[in-house]
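Written below as structure tokens is the structure these notes are about.
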Amino acid sequence: MWKYRDLRPLVEQALGLVKADDAGRRVIMLVNPGKQDGSAVVGNVYTGLQIMGPGESMTAHRHMAAALRFVHEGKGAWTVVDGQKLTVGPGDFAITPSGAFHEHGNESDDTNVIWQDGLDIPLVNAMDAGFYQVHPKLYQDVDPVPNHSYLKYGVGQLRPYGFEDSWSKRYSPLFAYPWEQVYDALHNVAKASPGSECDGYILEYSNPLTGGSVMPTLSAHMQMLLPGQATKAHRHTGSVVYTVAQGSGYSVIAGKRYDWTKGDIFCVPSWAWHEHVNLDPNEEAFLFSFNDFPVMRSLDFWREEIMRDNDGHQEISE
């Protein structure tokens, strides 16, 4: 677990240590001392916190590693992916797929932006498939319509029809997923479904053309825990990085309790028992997460088990 209150001052300190013109991004990498591969926070996934000061922009680049972003705080953030400019705010989720040119910036005059990066760098390194390229023009030619991908594909159950759509890439044509839409969707699901005994109410960010994961190697979810809700324990292959989008509570991972509040980041290793509890009796809690489940399923490594002993809950060790 990494507490946001401890990370935030370090992230802000990085503003004075790395200039925007000197790097494609300015990131504080989260390091797991139990991993021999220094870039892995858990399993074959990486995460870190990136900060952009007011008016800053980073040059365009691309790499083999697939990447995603979850915005923690700040207004004015934008990213250009494959020539499409996206504006994002707190709670929004965005992707920068493998091989896609992308650049970032902050249009605010007075506010820093902090967002979380998630990448499959350890997997790419293990496969000896890494590459990195700066855009030949340093910056991309930008589509004149902001949020083009959301306007075209962001309706969810409705997709473009009756005109040519040549999209054939294996990642989602929708590059940004607004928090407000996800928030409403989870509440609507809660009206019509009992939810999952292990995850509360949980939705996967999906490719609107296929219904599958947003990228071939990384998937992401948002889940809602009702006031006072305690889920049952389960375990599965595949590693997960969680970020507390809203609320406070705790999770029990491999028999140990980890208390969390907004902004905190914690990870669940492959095949580790885990369960979640919302401690607030009046408000919902929301957990954003990303994982390597698509790789596990592609390789036929996926397995899952629900705890049935002790009414589905782990014994908590000191």
Would you confirm, using the coordinates I've provided, whether V11 is modelled with pLDDT of 95 or more, over 16 Å from the mean Cα position of the chain (by Cα) and in a strand (DSSP E or B)? no
Of the candidates R62, R69, the one satisfying the condition of being of a type in the set (D, E, K, R), open to solvent by 10 Å² or more (accessible area, probe 1.4 Å) and out of contact with any helix residue (DSSP H, G or I) (no Cβ under 6 Å at 6 or more places or on another chain) is R62
If you take the residues of segment 218-235 that are in a strand (DSSP E or B) and open to solvent by 10 Å² or more (accessible area, probe 1.4 Å), which of them is farthest from Y46 (Cα to Cα)? A230
Can you confirm whether segment 266-274 contains a residue that is within 21 Å of G91 (Cβ to Cβ) and of a type in the set (S, T, N, Q)? no
Which of the residues belonging to segment 243-272 are open to solvent by 50 Å² or more (accessible area, probe 1.4 Å) and either assigned to a loop (DSSP other than H, G, I, E, B) or not basic (K, R) (or both)? Q246, A254, Y258, D259, T261, K262, P269, S270, W271
Considering every residue within segment 306-318, establish whether at least one is among the hydroxyl-bearing types (S, T, Y) and modelled with pLDDT under 95. yes
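So that you can scan it fast, the table gives a plain yes or no per residue for (1) touching a strand residue (DSSP E or B) at 6+ places or on another chain (Cβ under 9 Å); (2) open to solvent by 10 Å² or more (accessible area, probe 1.4 Å); (3) farther than 29 Å from P269 by Cα; (4) of a type in the set (A, V, I, L, M):
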site	(1), (2), (3), (4)
N44	no, yes, no, no
G48	yes, no, no, no
I51	yes, no, no, yes
P54	yes, yes, yes, no
G74	yes, yes, yes, no
V80	yes, no, yes, yes
F101	yes, yes, yes, no
G118	yes, no, no, no
V124	yes, yes, no, yes
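Conditions tested, residue by residue: (1) more than 22 Å from the chain's Cα centre (by Cα); (2) aliphatic (A, V, I, L, M); (3) more than 16 Å from L68 (Cα to Cα).
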site: Q133; (1), (2), (3): yes, no, yes
site: Y153; (1), (2), (3): no, no, yes
site: S172; (1), (2), (3): no, no, no
site: S193; (1), (2), (3): yes, no, yes
Members of segment 27-66 found to be out of contact with any Asp or Glu (no Cβ under 7 Å at 6 or more places or on another chain), part of a loop (DSSP other than H, G, I, E, B) and within 19 Å of P97 (Cα to Cα), listed by number: S39, A40, M64
So which of D199, D259 ends up being farther than 27 Å from D300 by Cα and at pLDDT 95 or above? D259
Can you name every residue in segment 167-196 that is in a loop (DSSP other than H, G, I, E, B), surrounded by 18 or more Cβ atoms within 10 Å (Cβ to Cβ) and small (G, A, S)? S172, G195
Top-ranked residue of segment 197-217 - restricted to ones that are assigned to a loop (DSSP other than H, G, I, E, B) and polar (S, T, N, Q), ranked as least open to solvent (accessible area, probe 1.4 Å): N207
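The values are calculated or read from the model by the stated rules, or taken from the named source; none is laboratory data. Being a predicted model, the structure only gives us computed values, none of them experimental. For neighbour counting, all protein chains shown are included, and Cβ atoms are generated from backbone atoms with ideal geometry for every residue, glycine included. Ligands, DNA and RNA are excluded from the accessible area calculation, which covers all protein heavy atoms including side chains. Shrake-Rupley method; radii C 1.70, N 1.55, O 1.52, S 1.80 Å.
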